[in-house]
1. Could you tell me which of 83, 68, 42 has its Cα farthest along the dipole of the range 27-101 towards the positive end, charges placed at Cβ (Lys, Arg +1; Asp, Glu -1), taken about the Cα centre?
2. About its Cα centre, what dipole magnitude does the range 29-164 give when the only charges are +1 on Lys and Arg Cβ and -1 on Asp and Glu Cβ, stated in debye to the nearest 20?
3. Let me know the charge dipole size of the range 33-89 about its Cα centre in debye, to the nearest 20, where only the beta-carbon of Lys, Arg (+1) and Asp, Glu (-1) is charged.
4. Sorting 47, 157 on the 10 Å Cβ count, fewest up front, what's the list?
5. Please identify every one of the trypsin sites (Lys or Arg not before Pro) in the range 51-147 that sits in a loop by DSSP and has no more than 14 other beta carbons within 10 Å of its own beta carbon.
Amino acid sequence: MRPFAFALAAAALSLAAAVPAAAAPARVAQAGPYVDMSAYVSGDAQIDAWYGGRVRLQRDFDAICGDTFCEGDYSNIQPLRFVCSVHQASGRLGGCVWTFAASDEAVDPRTGAIAVRPQVWRCPVPLAPRTTAEALLAVLAAESPLYAPLPGTDRSIYDGLIDCL
């Protein structure tokens with residue numbers, strides 16, 4: 001009986017390993033003129049500005065969340081990802097979006113059931129037309145990029161969040 005149990009367990013494991021791969025939607029990369037900023041940046045200065053800027057944006061958001069956006073029903077807003085598309089040939093931005101998620105939970109005192117209201121925000125960055133990746137990277141390299149004026153405008157990433165969250 002032991003060999004049967006072992007064979008059954010092995011079959012179950014191989015099936016379990018195959019199911020997530022089969023169930024996950026395929027992300028087919030198609031060639032086009034736009035790429036993610038992370039694929040566009042090159043050289044130490046640009047790479048540091050992009051990845052360091054994203055860290056500084058999150059730090060700036062965390063510093064103000066409790067006094068601004070993170071009050072009310074959704075007190076646990078978390079930044080997910082700051083992403084920009086870049087036209088490979090010209091270096092102009094197609095757009096930038098910062099996504100956030102939060103939830104509001106409530107416990108039913110009679111049953112112990114937990115109700116969850118999830119929320120996701122897709123916050124566009126208020127970029128001026130024809131903004132280049134290099135110009136945005138200069139903003140992201142600043143000590144507090146959340147508040148820095150965006151190129152060609154008097155608005156900041158923070159202003160975009162006010163319009164969104």
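The numbers here are math on the coordinates, done by the rules we state, and not lab data. None of the values given here were measured: they were computed from a predicted structure. Every residue, glycine as well, gets a Cβ built from its backbone with ideal geometry; the counts of neighbours run over all protein chains shown.
1. Result: 42, furthest along the dipole toward the positive end.
2. For this selection, approximately 420 debye.
3. It works out to roughly 200 debye.
4. Starting with the residue having the fewest Cβ neighbours, the order is 47, 157.
5. 110, 130
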